[in-house]
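Here's the structure we're looking at; comments come further down.
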Amino acid sequence: MHDALSEARAAGARGEVPVGAVIVDPSGTVVAAAGNRTRELNDPTAHAEVLAIRAACAAAGSERLVGHALYVTLEPCAMCAAAIAAARVDRLYYGASDPKSGGVTQGARVFSHAQCHHAPEIFDGIAATEAETLLKDFFAERRF
């Protein structure tokens, strides 16, 4: 999660919402890392999770990430949860919960739908306080 938090801080420094994601292969090696780039790329799908999944799939030479783990600083939204399911990520570790836009344990709860063909093992609250602080500070600075 340390690397995901570093990606989140870098995203915030670029003016992006500070969310970071890291994908680790079955041997424990980081194979992809990304922070949000929606504004930079003018792409509403350029969330940290989606960018990391794209990079990890390219590195693996496959659309499937069986045996891989995704670490992300914020609970994935419904779009990202669907991408996680499609990529067949084995384990999802996330920091802060997202009552407004979350798609895992909040809101849409994508993995619990019958249409979801794969649900990862989920571990939440990992470094949640630090992830929440990054987000709160980012938005507090923009409200003044």
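The values are calculated or read from the model by the stated rules, or taken from the named source; none is laboratory data. What you see is a predicted model; the values in this text were computed from it and never measured. Neighbour counts run over all protein chains shown; Cβ positions are idealised from the backbone, glycine included. Only protein heavy atoms, including side chains, enter the accessible area calculation; ligands, DNA and RNA are left aside. Shrake-Rupley method; radii C 1.70, N 1.55, O 1.52, S 1.80 Å.
Couple of notes before you dig in:
- Taken together, the residues in region 52-72 that are more than 17 Å from M1 (Cβ to Cβ) and touching a Gly at 6+ places or on another chain (Cβ under 8 Å) amount to 0.
- Test for A10: is it without any contact (Cβ under 8 Å) to a residue 60 or more places away in the chain and either exposed (fewer than 15 other Cβ atoms within 10 Å of the Cβ) or of a type outside the set (F, W, Y) (or both): yes
- Of all residues in region 95-134, exactly one satisfies the criterion of being more than 16 Å from I84 (Cβ to Cβ) and touching a Ser or Thr at 6+ places or on another chain (Cβ under 6 Å), namely A131.
- Cβ-Cβ under 8 Å pairs, at least 6 apart or on other chains, region 49-70 side under 10 Å from A87 (Cα atoms), far side of a type in the set (V, I, T) and modelled with pLDDT under 95: none
- Condition met for R143 (among the charged types (D, E, K, R) and at pLDDT 95 or above): no
- Strands (runs of 3 or more DSSP E) wholly inside region 27-129 containing at least 3 residues that are small (G, A, S) and open to solvent by less than 30 Å² (accessible area, probe 1.4 Å): 30-35
- Within region 99-113, the presence of a residue that is of a type in the set (A, V, I, L, M, F, W, C), over 13 Å from the mean Cα position of the chain (by Cα) and farther than 19 Å from H47 by Cα is excluded.
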